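Only one structure is covered here, and it is reproduced in the block below.
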Amino acid sequence: MKKVYRPFWSYDVQKTETWLSDMAAKGLVFERLNRWTRCFYFQEREPAKRVYRIAYDKMSSSVLPKTLQDEGWKKAASAGNWEFTFNEQPESVIKTSPIRDGIIKHNRMITYIFYGTSFYVAGILMANISMLASSWRQDGGINIVESPLWILTFIFFAILFGSMVLGIYSIAKITGTNKGLDGTTAGFWPVDEIDQQSEKELKKARRWVTKVKFSWMYSPDKMEQWLESMERRGLNLYRVNKIGTIFHFTKGEPRRIAYRVDYQRGPTQSYFAIHREAGWNEEFTSFSNMEKWTIWSKAYDEGEERPQLYSDQSSRLKHAKRIAITYTVMFSPLVAFYIYFIIGNINRADTIQDWLSWSSSGLFIIAILIFGTFIFRIWAYYGRLRKQKTAWGN
């Protein structure tokens, strides 16, 4: 039996499926997986053509559903909640395959963990660098004392740095995999995209307007109002850059267009299909797998009621509360973490100038203001919707 070690196989299941098919074509047929050691085990047999599919299901059964059996799928192996199936028919004739939703949800949870770990590791590194810089500034240098324990310090920072690299790699890899599995894309480019020459002519004729908007997702309602006011002024939204900070408009006729900014945790194809069928146009979709923001637009005539993405105000209020809680959970520990180090710097500093310096507490104060502002703005958004609901209820 041949053993192959693949530590990051689950980060790209489609690539792993292709690899298993290639191994089978070489006469190495997949038998089992040790999910703890990340090792695949193969038996040497006659070369075979096999199409593999990997699924993740917490409620998996030892027997495949009849629809999959009728399609020719057979179980190759199971490891925990992971399930490996294969089909000996050509991929072109296979119409039904195991569902991928479980993998997408599992990957999303792993991404949350890596996001959180990377944030805190970055905070620890920044805190230590800040303290070193502060000591250098106050003492005019750093006295290094020889000690056999320095090896532990080096190991500690090597682990932190390695965790950062692993986190960044994992987030990027898993995000790309999920996009391939659920079919969603980052950003949006219109079908009738203006070519570069036409764009230059519009700019030359001063009919091209560019606006920059940062952190608009923390006040979605104000962003909607701003986009609609631009349309009423005859500035028609043309495209948004891939990171969602630069908005391009063309000067045209005033239009009645309703905009809605929506947040979803890893939406699937059905989410986009439902809104498109309802007449909404996708103007922008963020590339992040952790927080998926979408800007929707829909034209309406004078006298018509302004279109709503959600059927009632209660649904929108619950949605806003979920967003506020999500960002509070995300940013509050960071704020507490930075406050802790500021208090430590205050205790170590001799004067106010020392702990207010850029190299010590100054950087943490800026971080607290930024993250604190995000939390305040998103809860203020929830508060505005709650007041609207109360007013309408009365």
Candidates Arg50, Arg32, Arg100, Arg38, filtered to the one that is closer than 19 Å to Lys173 by Cβ, more than 22 Å from the chain's Cα centre (by Cα) and open to solvent by 30 Å² or more (accessible area, probe 1.4 Å): Arg38
Those residues of region 208-232 which are touching a Phe, Trp or Tyr at 6+ places or on another chain (Cβ under 9 Å) and part of a loop (DSSP other than H, G, I, E, B), in sequence order: Lys213, Ser215, Ser219
Unique match (being open to solvent by 30 Å² or more (accessible area, probe 1.4 Å) and out of contact with any Leu (no Cβ under 6 Å at 6 or more places or on another chain)) among Trp9, Trp19, Trp82: Trp19
Residue that is most open to solvent (accessible area, probe 1.4 Å) [pool: residues in region 270-325 that are among the basic types (Lys, Arg), outside any loop (DSSP other than H, G, I, E, B) and within 18 Å of Leu227 (Cβ to Cβ)]: Lys298
Any hit, region 149-172, residues being within 30 Å of Asn281 (Cβ to Cβ), part of a helix (DSSP H, G or I) and at pLDDT 75 or above: yes
Residues that are assigned to a strand (DSSP E or B) and closer than 20 Å to Pro220 by Cα, drawn from region 243-262: Ile246, Phe247, His248, Phe249, Ile257, Ala258, Tyr259, Arg260, Val261, Asp262
Matching option when the condition is touching a residue at least 60 places away in the same chain (Cβ under 8 Å) and in contact with a strand residue (DSSP E or B) (Cβ under 9 Å, 6 or more places away or on another chain), among Phe249, Phe272, Phe287: Phe272
Verdict on Ile366 being among the hydrophobic types (A, V, I, L, M, F, W, C), at pLDDT below 85, within 28 Å of Gly244 (Cβ to Cβ) and surrounded by fewer than 16 Cβ atoms within 10 Å (Cβ to Cβ): yes
Odd one out for Ser62, checked against (1) of a type outside the set (A, V, I, L, M); (2) modelled with pLDDT under 80; (3) farther than 27 Å from Val4 by Cα: (3)
So Thr117, is it of a type outside the set (D, E, K, R), under 30 Å from Gln269 (Cβ atoms) and modelled with pLDDT of 80 or more: no
Count of region 209-247 residues which are open to solvent by 30 Å² or more (accessible area, probe 1.4 Å) and either of a type in the set (Asp, Glu) or more than 22 Å from the chain's Cα centre (by Cα) (or both): 8
Ser118, sole failed condition from (1) open to solvent by less than 70 Å² (accessible area, probe 1.4 Å); (2) within 28 Å of Phe42 (Cβ to Cβ): (2)
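The values are calculated or read from the model by the stated rules, or taken from the named source; none is laboratory data. What you see is a predicted model, and the numbers here were worked out from it, not measured in a lab. We place every Cβ from the backbone using ideal geometry, glycine too, and count neighbours over all the protein chains shown. Note: areas computed on protein heavy atoms with side chains; ligands, DNA, RNA excluded. Shrake-Rupley method; radii C 1.70, N 1.55, O 1.52, S 1.80 Å.
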